[in-house]
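Below is one structure; the comments refer to it alone.
The values are calculated or read from the model by the stated rules, or taken from the named source; none is laboratory data. Everything quoted here is computed from the prediction, not taken from an experiment. Backbone-built Cβ (ideal geometry, glycine too); neighbour counts: all protein chains shown.
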């Protein structure tokens, strides 16, 4: 989960809408770690949830569930 230190570095933390079925993400690269339940997007990151659009250079997504493909998103930290 995002730490307080991240906020001091200008990292934006976002919690997707509960009503949202899917969040679209696009980036130059993606690394998924099912053990830590994280997905890390790097390079020209764009995340869209309805009318909410985040852009950043690196984003870490924390999810609940067994795998990234069959889970719900807990939070996203978007680094400038």
Item to check | From the options 75, 70, 29, residue that is surrounded by fewer than 17 Cβ atoms within 10 Å (Cβ to Cβ) and at pLDDT below 80 | outcome: 70
Checklist entry - Checking residue 36 against (1) surrounded by 12 or more Cβ atoms within 10 Å (Cβ to Cβ); (2) farther than 17 Å from residue 80 by Cβ; (3) at pLDDT 65 or above, which single condition isn't satisfied? => result (1)
Next on the checklist: Looking for something over 14 Å from residue 24 (Cα atoms), in contact with a helix residue (DSSP H, G or I) (Cβ under 9 Å, 6 or more places away or on another chain) and in contact (Cβ under 8 Å) with a residue 24 or more places away in the chain - is there at least one such residue anywhere in the stretch 39-57?
Outcome noted: no
